[in-house]
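What follows is calculated from the coordinates using simple rules that are stated; it is not laboratory data. What you see is a predicted model; the values in this text were computed from it and never measured. All Cβ positions, glycine included, derive from the backbone under ideal geometry; neighbour counts span all protein chains shown.
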Amino acid sequence: VIPTIRFKNHSVKVFTFFIIISTLFSSTIFAQKKQKPNVIFIYADDLGYGDLSSYGATKISTPNIDRLAKEGLKFTNAHTTSGTCTPSRYALMTGNYPWRKKGTGVLPGNASLIIPIDKITLPQVFQNAGYKTGAVGKWHLGLGSPGKDINWNKSLQVGPNEVGFDYAYFFPATSDRVPTVFIENHNIVGYDKEDPIEVNYKEKVGKEPTGKENPELLKLQSSPDHGHNNTIVNGIGRIGFMSGGKQARWADEEIAHVFLSKAEQFIEENQKNPFFLYFSLNDIHVPRMPSTEFKGKSKMGLRGDVILQMDWTVGEILKKLKALDLEENTLVIFSSDNGPVLDDGYADKAVELAAGHKPAGVLRGGKYSAFEGGSRVPWLARWPEVIKPGTVSNALICQIDLLSSFAKFFQQKIEDTDATDSFVVMDALIGKDKIGRESIVKQGGALSFTKGNWKYIEPNNNEPFNKLTGTELGNDSKPQLYDLSKDLGEKTNLAGQYPNKVKLMAEELAKIKEA
Ligand code: NG6
Ligand code: CA
């Protein structure tokens, strides 16, 4: 108001004034455009290639996640390295194939940290680029120094903070494993020193009932023979025994809301910095126990209900970005840590109520499997400033590539000894390159090697079928060879027909294993 009055009859001055103001204004816009993008990696747990309506599901609808496809990029040839959680996440964080290191299989809740603290990690790439980094949700990569038993009544380190996350709000392993507590940075949320926590995976600690001794106390029964019948927490038998920490124990029904609110808080607090958020959902892992508002909503039982809860969660994150005006320059990636499973240990009727729904879509196998169902996963990416809406890409990409791709994006150099299996595929990640990696090694029980259209699965003497989970594991004592361009469902083993191809692929795989 004052300059308008003062300059009222001096048109030249007014003109100069507006020039200055508009220059200032446009340079801030310019600065904003130049700002590094925020990156949110939303990691679903055990979600299959066929579990989203954007990937062909018809019995369940996931409109919020589908928006990422509509407004961004949908991948049809995207992978996690492994058919289970811990190894997939280890690869994501370190850029190394998990089978190169012992002890990277599914971890118990009292395992020590398996990520080396002297090598580059994915969040450190972002930290080095000036980002604030946050991890919210499932961790499952161990806590505390290798070789030492963790004391749950002391400051909990080393963990996410020590491998590159400025902020972490998480649970240690899976929601079916003790201890059933949230941890904020180094401290158990709601910890009461009068009620110390003890955790044991070998024998019972404390006097509380277990699912095995007192099944009548359970609100969700365990499936026969799966285990999940140790300490009962919130009416659900867990893997492992715990005592104490009564006040700190979560109610499963609130996990999705708690994690969402922490993720939103992290976004809000860092809206002025570039940030990287690793948002690792508990859904749709077992025990599937949605908040009341989602119970019965899917007509497909608890598994369907938690898919809807997961979709809602993603919608809330998108809303938050819009409200804070961060939508345009935020890359949101959504993917899953391994393929789907129906019965993974609890009698939640996932099998009975699936009613024709195919969680792995056209793929064979699921979680735990060397077939594509184990590790080919949904992957959607939205970044309005950069990614063209409604694009579909068949580029071969893997979660292990995020590390090197972002390092390159920020022009960081990675030591030759670090992240050795992570490739730069940034252009593929944003839809500009349709090829991606040249090949990939994946792990179910057996290792597989995919290059171009061909997939080779190493011969392996383990069981071909997991009766408990009803999964075809992809194990065979003979080599397997599939032409994925014609046979994505891996129905016809062509190894007998193309022995030379088998030999070449086995040799290439052997070389990568030795590297
Ligand atoms: C398995 C559990 C399963 C699940 C899985 C880990 C049994 C019989 N099954 O060992 O319920 O917890 O581990 O899932 O114990 S993951 O998604 O974290 O890899
Ligand atoms: Ca998983």
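Restricting the first member to segment 155-167 and to residues that are more than 17 Å from ALA111 (Cα to Cα), and the second to residues that are among the hydroxyl-bearing types (Ser, Thr, Tyr) and assigned to a loop (DSSP other than H, G, I, E, B), the beta-carbon pairs closer than 7 Å and six or more apart or on different chains are GLY164/THR121. In segment 214-236, the residues that are within 16 Å of ligand 2 (Cβ to nearest atom) form Cβ pairs under 7 Å with partners that are assigned to a strand (DSSP E or B), at six or more places apart or across chains, as follows: HIS228/SER222; HIS228/GLY237; HIS228/ILE239; HIS228/TYR346. Name the single residue that is nearest to TYR55 (Cα to Cα) among those in segment 330-341 being within 14 Å of ligand 2 (Cβ to nearest atom) and not small (Gly, Ala, Ser). Here the answer is PRO340. When ARG89, ARG67 are checked against the criterion of being touching a residue at least 60 places away in the same chain (Cβ under 8 Å), within 16 Å of ligand 2 (Cβ to nearest atom) and either under 23 Å from PRO172 (Cα atoms) or touching a strand residue (DSSP E or B) at 6+ places or on another chain (Cβ under 9 Å) (or both), a single residue qualifies: ARG89.
Residues that are surrounded by 24 or more Cβ atoms within 10 Å (Cβ to Cβ) and hydrophobic (A, V, I, L, M, F, W, C) were ranked within segment 282-301; the one that is farthest from PRO172 (Cα to Cα) is MET289.
What strands (runs of 3 or more DSSP E) lie completely within segment 417-515 and have 2 or more residues being within 30 Å of GLY345 (Cα to Cα)? Lay out the reasoning, then the answer.
Details: elements: 439-443, 447-451, 454-457, 480-483.
The strands (runs of 3 or more DSSP E) meeting that bar are 439-443, 447-451.
Which of the residues spanning segment 262-278 are part of a loop (DSSP other than H, G, I, E, B) and either free of Cβ contacts under 8 Å to residues at least 24 places away in the same chain or within 16 Å of ligand 2 (Cβ to nearest atom) (or both)? Scanning segment 262-278 gives a single hit, LYS272.
Checked against (1) away from ligand 1 (no atom under 16 Å from the Cβ); (2) over 23 Å from SER404 (Cα atoms), PRO108 passes all but a single condition, namely (1).
Tell me yes or no: at least one residue of segment 498-515 is within 30 Å of SER223 (Cα to Cα) and in contact (Cβ under 8 Å) with a residue 40 or more places away in the chain.
Just the residues of segment 498-515 that are within 30 Å of SER223 (Cα to Cα), to begin with: none.
The answer is no; no qualifying residue exists.
It is to be established whether one or more residues within segment 172-187 are in a loop (DSSP other than H, G, I, E, B), over 23 Å from the mean Cα position of the chain (by Cα), more than 16 Å from ligand 2 (Cβ to nearest atom) and β-branched (Val, Ile, Thr).
Of segment 172-187, the ones in a loop (DSSP other than H, G, I, E, B) are 172-176, 178-180, 182, 185-186.
Retained after the next criterion (residues that are over 23 Å from the mean Cα position of the chain (by Cα)): none.
No, the conditions are met nowhere in segment 172-187.
VAL199 meets all of the listed conditions (1) part of a loop (DSSP other than H, G, I, E, B); (2) more than 16 Å from ligand 2 (Cβ to nearest atom); (3) surrounded by 13 or more Cβ atoms within 10 Å (Cβ to Cβ) but one, namely (1). In segment 184-196, the residue that is surrounded by the fewest Cβ atoms within 10 Å (Cβ to Cβ) out of those that are within 22 Å of VAL136 (Cβ to Cβ) and either out of contact with any strand residue (DSSP E or B) (no Cβ under 6 Å at 6 or more places or on another chain) or small (Gly, Ala, Ser) (or both) is ASN187.
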